[in-house]
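Down below is the structure, laid out as structure tokens.
What follows draws every value from the coordinates through simple rules; no lab data is involved. Owing to the predicted nature of the structure, the values given are computational and were not obtained by experimental measurement. Glycine gets a Cβ as well: all are built from the backbone with ideal geometry, and neighbour counts include every protein chain shown.
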Amino acid sequence: MMWAGVLVASLACYGLKLAGLSLPQSWLADARVQRTVPLIPIALLAALVATQTFSTGHTLVLDVRAAALAVAVMAVLLRAPFLVVVAAAAATAALLRLV
Amino acid sequence: MFTGASQFALVGVIGGGGGVWAGAVAAVLLGSRNALYGLRLSSLLEVRGLKRVLAAQFVIDETTAMAIARDDPSAGRFAFWSTGFALFIFWNLGTLAGALAAHVVSNPKTLGLDAAPPAAFLALLAPRLRAREPLAVALAAAVVAIAVLPFVPAGVPLLIVALLVALFGYLR
């Protein structure tokens, strides 16, 4: 079941790419589609940041991950590279758990 | 699946106790932008047959950015293929290394690894927030996701957010 979901999602993700390369230009050129599609990853990524920082399962929690996110925000504002942002957040959480 | 944000989302939803299908839907929705990239790239690449089948797997944020940043079409095609091959190889080697190393790490929390995914999502999100509307959409999405989280199964907040933003984009 688990791998079926992974496989279906993988095929669908690939299908979207192939469709983009194959469909006539006019297909997705509709102004509303052009406007909406870029907003979807923005909303989903923001929702992922929020839920993975402030929850465990079904419960809203405030723990060291919030501090780690604050450090990540600072790193992003300083235009740090991807790996530095991630490592800074992980190190913050690890250090705060030590004290 | 070779599109980072989707991979992170699928793993994130499952790791957070959500169903694999909720994670799969979130992953596919995140991958929808690659269709727009493909559309953008198709006139530049002009690939047919097997070459198109291969090129499609490489249609991601990074290759699109590298390809369309070139003024000369042949330089753009070279940028697409070289970025695609390099990323595909190193990304998957990195994934393999992570999968093997996971058995060595006894408690990921002591290394702060539970704080890594949100930071990764943030780093993927940040370059898309350079205007006011995307920033407002991102903040609203975060608030909605947190607000509905205690009341719906894990992973479903993402689907609610996706539905709302699609409605917003379409009706606006």
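Brief remarks follow.
- Of the peptides A:84-92, B:66-74, B:81-89, the order by per-residue mean of other Cβ atoms within 10 Å, starting with the highest, comes out as A:84-92, B:81-89, B:66-74.
- Shielding by other protein chains, B:100-111, mean Cβ within 10 Å: 1
- Our summary of shape: the Cα atoms of segment A:54-99 have principal axis extents of 32, 23, 14 Å, ordered from largest down, in whole angstrom.
- Around B:Ala166: net Lys/Arg minus Asp/Glu count, Cβ-Cβ under 12 Å: +3
- Computed label-point distance, nm, for sites B:Arg52 and A:Val84 using a 7 Å Cα→Cβ extension: 4.2
- Taking only the C-alpha atoms of the protein assembly as shown, Rg followed by Dmax gives 18.5, 59 Å.
- Mean-square fluctuations from a GNM of chain A, with a 10 angstrom spring cutoff on Cα atoms, peak among A:Leu77, A:Leu21, A:Leu48 at A:Leu21.
- Sequence-distant contacts, meaning Cα pairs under 8 Å at least 6 residues apart, place the relative contact order of chain B at 25 percent.
- Size of electric dipole in segment B:20-92: Cβ of Lys, Arg +1 and of Asp, Glu -1, about Cα centre, debye, nearest 20: 220
- Treating each Cα of segment B:1-139 as an identical point scatterer and summing with the Debye formula, the log10 of I(q)/I(0) at q = 0.16, 0.17, 0.20, 0.22 Å⁻¹ comes to -1.01, -1.10, -1.32, -1.42.
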